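The values are calculated or read from the model by the stated rules, or taken from the named source; none is laboratory data. Everything numeric in this text was worked out from a predicted model, so none of it was measured. All Cβ positions, glycine included, derive from the backbone under ideal geometry; neighbour counts span all protein chains shown.
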Amino acid sequence: SSDGLESYIVHVQRSHKPSLFSSHNNWHVSLLRSLPSSPQPATLLYSYSRAVHGFSARLSPIQTAALRRHPSVISVIPDQAREIH
Amino acid sequence: TTHTPAFLGFSQNSGLWSNSNYGEDVIVGVLDTGIWPEHPSFSDSGLGPIPSTWKGECEIGPDFPDSSCNRKLIGARAFYRGYLTQRNGTKKHAAKESRSPRDTEGHGTHTASTAAGSVVANASLYQYARGTATGMASKARIAAYKICWTGGCYDSDILAAMDQAVADGVHVISLSVGASGSAPEYHTDSIAIGAFGATRHGIVVSCSAGNSGPNPETATNIAPWILTVGASTVDREFSANAITGDGKVFTGTSLYAGESLPDSQLSLVYSGDCGSRLCYPGKLNSSLVEGKIVLCDRGGNARVEKGSAVKLAGGAGMILANTAESGEELTADSHLVPATMVGAKAGDQIRDYIKTSDSPTAKISFLGTLIGPSPPSPRVAAFSSRGPNHLTPVILKPDVIAPGVNILAGWTGMVGPTDLDIDPRRVQFNIISGTSMSCPHVSGLAALLRKAHPDWSPAAIKSALVTTAYDVENSGEPIEDLATGKSSNSFIHGAGHVDPNKALNPGLVYDIEVKEYVAFLCAVGYEFPGILVFLQDPTLYDACETSKLRTAGDLNYPSFSVVFASTGEVVKYKRVVKNVGSNVDAVYEVGVKSPANVEIDVSPSKLAFSKEKSVLEYEVTFKSVVLGGGVGSVPGHEFGSIEWTDGEHVVKSPVAVQW
């Protein structure tokens, strides 16, 4: 993309949510805030908590790499386009 | 849907419709391009209050007022954050699109009205397919989740919609969306991952198999917890014959509704001799096509756009000819110029005629809507994506086929029936084709079954549809594959065409609990913690041991798919069946139709159920007698079936074998 950021689906371990966070959304926001803010802060698109557990976010390569190393993160998958059939 | 209910065998006084009260109060979540709420298919006349279990919302906006929702369309939401961020660099699409759930494309209104649209009298597209349009579950409620936009449908938005649909309390998710080409690996496939979560909540997830046929291994949405639907024809045609100057009549199809051509023969030219074989706009030489009928080849650009290109160049009409890729599959289009589509064989003959004749001519005769036994139906659409399942060959996909060719259903008021900018027309109903159209048919059936059997799991509902499907045309011959003109097989049509009235009372079901899907994932190689993408709850990982499968093929699926590597190889699959018939003491006996070069042994061959034993298991032993098979329609593939009967029910599972 023109801004060097890409969208990803991030699956996290639900059981890793620290009890100090009142909601999964708060935890997901906190996870993103803990990432390097270069070149821009990571942006949360959605927080998921029923069908799946995790979030989608706009991330730089550095932020993506940091998330992949995070112990609560199971996978980081690029946001793909599908098509109507 | 002015005809598919009749084709599916529905009647008002018996069968699945009356035994489910048309799906009343079941909630179908349609994840698609949104909805046109003013459409009569979404009238709530005659419906009771919104189900008390519903927790969803109707998201309002400038073009989607609060009055958009009612007791039929009980929820509508739009998910675009993923789309907008992806389109950030190219705002040309995003800027002009409404961010409300309003359907500006048509596809979502079509699929929603097919699954659960209300009854609408005098529906037609320019008098084609005239009749009473009705969704399969006409009293079910609809929740529309807009996930697809001009630039595509993004996983982040799809997952958000699935997550919300679970929270809102839908019972069925209908998703006519997927990857193009082959399916992604389960752990990177957001639809598979989201569908797993929805299934955990007891939601049936019905998905289109894709339109990437006729190549093998093209089926998408093939996770075993998904109900995967291919597309087939019904006994209704929109005939428009091409008649060449030598008197030959070529059967074609068209939804053209403008002024007719003169009844006399007109000069006929081949587009390839006039500047553009595929009839691209602006590429045809006007001096060569003016006043003539132009034969255009299919492919490259939109079919209706080809006719428009002919019209712009001054042509009088168009014959659109399939190439070998699409074979004999005919798709009716509401062309802007007098036009018909013919099959590949006819196309070859007409091209030859043009080449060898001094002054080739043709005319097009429009015959309108024809319902009847000729040609036989159902037949599998060439475009319908096929197996074998390229991710897990021991799980047969697609599961079933359903009507998906030339389906009339509701349409948006925003664009014309061709969805092209050049089409100024606006219609209430449109006729289109795709596995997108077959999927909501089955979603509606799932809603009916959910109402008739509220205690059935998603797997049991799938099992009922699979084991009661049929694999012969109404002529009594095996279902034909329109791509080849030869008999279809289970890698193309799965178990066959759905038969909803039989699915109401299948006799036995192959049930699958979530923990068995977990065991399946372990059997195909997923390990902790990666498997948590699906499970969320680490304790479910215990199922890998407690419900351990010998192989992935041991999953209690209602069909069989076997892969052999060598002669003499033996493969054993275990299955568990639950008696859901009214006779608790039913006794079932097995009947086996072995694929060529394969021996099948079922043990035991008789299942005696009782009040105490409503669940029984059996084991199937498949033995490869000759390496490679090769006597069937596809080398290395053979097909058969295993069916259990108690004299009243026939519980039939297809068997597909690969070497």
Open item on the list: Given the condition away from every other protein chain (no Cβ under 14 Å), small (Gly, Ala, Ser), assigned to a helix (DSSP H, G or I) and within 29 Å of B:Asn501 (Cα to Cα), answer yes or no: does some residue in segment B:135-144 qualify?
Closed with: no
- [ ] Output the number of residues of segment B:170-212 satisfying the condition of being buried (at least 24 other Cβ atoms within 10 Å of the Cβ), under 30 Å from B:Leu482 (Cα atoms) and of a type in the set (S, T, N, Q).
- [x] 5
Open item on the list: For a quick check of your reading of the model, give me the residue pairs whose first member lies in segment A:1-12 and is more than 9 Å from chain B (Cβ to nearest Cβ) and closer than 11 Å to A:Leu59 by Cα, whose second is modelled with pLDDT under 90 and assigned to a loop (DSSP other than H, G, I, E, B), with beta-carbon atoms closer than 7 Å and at least 6 apart or on different chains.
Closed with: A:Gly4/A:Pro39
Open item on the list: Name the single residue that is surrounded by the fewest Cβ atoms within 10 Å (Cβ to Cβ) among those in segment A:51-85 being facing chain B (nearest Cβ under 7 Å) and either assigned to a helix (DSSP H, G or I) or in contact with a His (Cβ under 7 Å, 6 or more places away or on another chain) (or both).
Closed with: A:Ser75
TODO: Report the residue count in segment B:183-237 for those that are among the small types (Gly, Ala, Ser) and farther than 25 Å from B:Ala332 by Cα.
DONE: 10
TODO: Please note which helices (runs of 4 or more DSSP H) are completely contained in segment B:1-115 and include at least 1 residues that are touching a Gly at 6+ places or on another chain (Cβ under 8 Å) and within 25 Å of B:Val166 (Cβ to Cβ).
DONE: B:81-86
TODO: Would you point out which residue out of B:Lys593, B:Lys606, B:Lys578 is more than 26 Å from B:Val472 (Cα to Cα), at pLDDT 95 or above and under 33 Å from the mean Cα position of the chain (by Cα)?
DONE: B:Lys578
- [ ] Collect the residues in segment B:273-314 that are part of a loop (DSSP other than H, G, I, E, B), in contact with a strand residue (DSSP E or B) (Cβ under 9 Å, 6 or more places away or on another chain) and hydrophobic (A, V, I, L, M, F, W, C), keeping them in residue-number order.
- [x] B:Cys274, B:Leu278, B:Cys279, B:Leu284, B:Ala313
Task: Single match in B:Gly444, B:Gly413 (criterion: modelled with pLDDT of 95 or more and surrounded by fewer than 22 Cβ atoms within 10 Å (Cβ to Cβ)) - done: B:Gly413
Open item on the list: Take the residues in segment B:251-272 that are over 18 Å from B:Thr361 (Cβ atoms) and assigned to a loop (DSSP other than H, G, I, E, B); name whichever of them is farthest from the chain's Cα centre (by Cα).
Closed with: B:Glu259
TODO: Identify the single condition in (1) surrounded by fewer than 21 Cβ atoms within 10 Å (Cβ to Cβ); (2) within 12 Å of chain A (Cβ to nearest Cβ); (3) more than 22 Å from B:Ile35 (Cβ to Cβ) that B:Ala167 does not satisfy, given that it satisfies every other one.
DONE: (3)
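Given the criteria hydrophobic (A, V, I, L, M, F, W, C), out of contact with any His (no Cβ under 8 Å at 6 or more places or on another chain), outside any strand (DSSP E or B) and closer than 28 Å to B:Ser98 by Cβ, does B:Ala167 qualify?
Here the answer is yes, as B:Ala167 does meet what is asked.
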TODO: Being facing chain A (nearest Cβ under 10 Å), of a type outside the set (D, E, K, R) and out of contact with any Lys or Arg (no Cβ under 8 Å at 6 or more places or on another chain) is the filter here, so list the residues in segment B:182-204 that pass it.
DONE: B:Pro184, B:His187, B:Thr188, B:Ser190, B:Ile193, B:Gly194, B:Ala195, B:Phe196, B:Ala198, B:Thr199, B:Ile203
Task: Extreme residue, nearest to the chain's Cα centre (by Cα), among residues of segment B:520-538 that are aliphatic (A, V, I, L, M) and closer than 13 Å to B:Phe196 by Cβ - done: B:Leu521
Open item on the list: Looking at segment B:7-22, can you tell me whether even one residue there is surrounded by fewer than 18 Cβ atoms within 10 Å (Cβ to Cβ), at pLDDT 95 or above and within 22 Å of the chain's Cα centre (by Cα)?
Closed with: yes
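With the structure loaded, tell me whether B:Leu482 is under 30 Å from B:Val580 (Cα atoms) and either crowded, with 17+ Cβ neighbours inside 10 Å or within 23 Å of the chain's Cα centre (by Cα) (or both) or whether it fails that test.
No, not satisfied.
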TODO: All but one of (1) away from chain A (no Cβ under 14 Å); (2) in contact with a helix residue (DSSP H, G or I) (Cβ under 6 Å, 6 or more places away or on another chain) hold for B:Ala240, so report the exception by its number.
DONE: (2)
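Does segment B:447-473 hold any residues that are outside any helix (DSSP H, G or I) and either in contact with a His (Cβ under 8 Å, 6 or more places away or on another chain) or at pLDDT below 95 (or both), and which are they?
Those that are outside any helix (DSSP H, G or I) and either in contact with a His (Cβ under 8 Å, 6 or more places away or on another chain) or at pLDDT below 95 (or both): B:Ala469, B:Tyr470, B:Asp471.
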Task: Residue that is farthest from the other protein chains (Cβ to nearest Cβ), among those in segment B:528-548 that are in contact with a Gly (Cβ under 9 Å, 6 or more places away or on another chain) and modelled with pLDDT of 90 or more - done: B:Phe534
- [ ] Tell me which of these A:Val29 doesn't satisfy, since it passes every other one: (1) over 30 Å from B:Ser385 (Cα atoms); (2) within 8 Å of chain B (Cβ to nearest Cβ).
- [x] (2)
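Okay, residues lined up against (1) hydrophobic (A, V, I, L, M, F, W, C); (2) free of Cβ contacts under 8 Å to residues at least 12 places away in the same chain:
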| site | (1), (2) |
| --- | --- |
| B:Ser385 | no, no |
| B:Thr392 | no, no |
| B:Ile395 | yes, no |
| B:Gly404 | no, no |
| B:Ile407 | yes, no |
| B:Val415 | yes, no |
| B:Leu420 | yes, no |
| B:Pro424 | no, yes |
| B:Phe429 | yes, no |
TODO: Provide a single number: the residues in segment B:468-515 that are in contact with a strand residue (DSSP E or B) (Cβ under 9 Å, 6 or more places away or on another chain), small (Gly, Ala, Ser) and closer than 17 Å to B:Ala402 by Cβ.
DONE: 6
Open item on the list: Looking only at segment A:33-50, filter to residues that are within 11 Å of the chain's Cα centre (by Cα) and within 14 Å of another protein chain (Cβ to nearest Cβ); which one of those is farthest from B:Ile147 (Cα to Cα)?
Closed with: A:Ala42
TODO: State whether one or more residues within segment B:251-258 are more than 23 Å from B:Thr323 (Cα to Cα) and in contact (Cβ under 8 Å) with a residue 12 or more places away in the chain.
DONE: yes
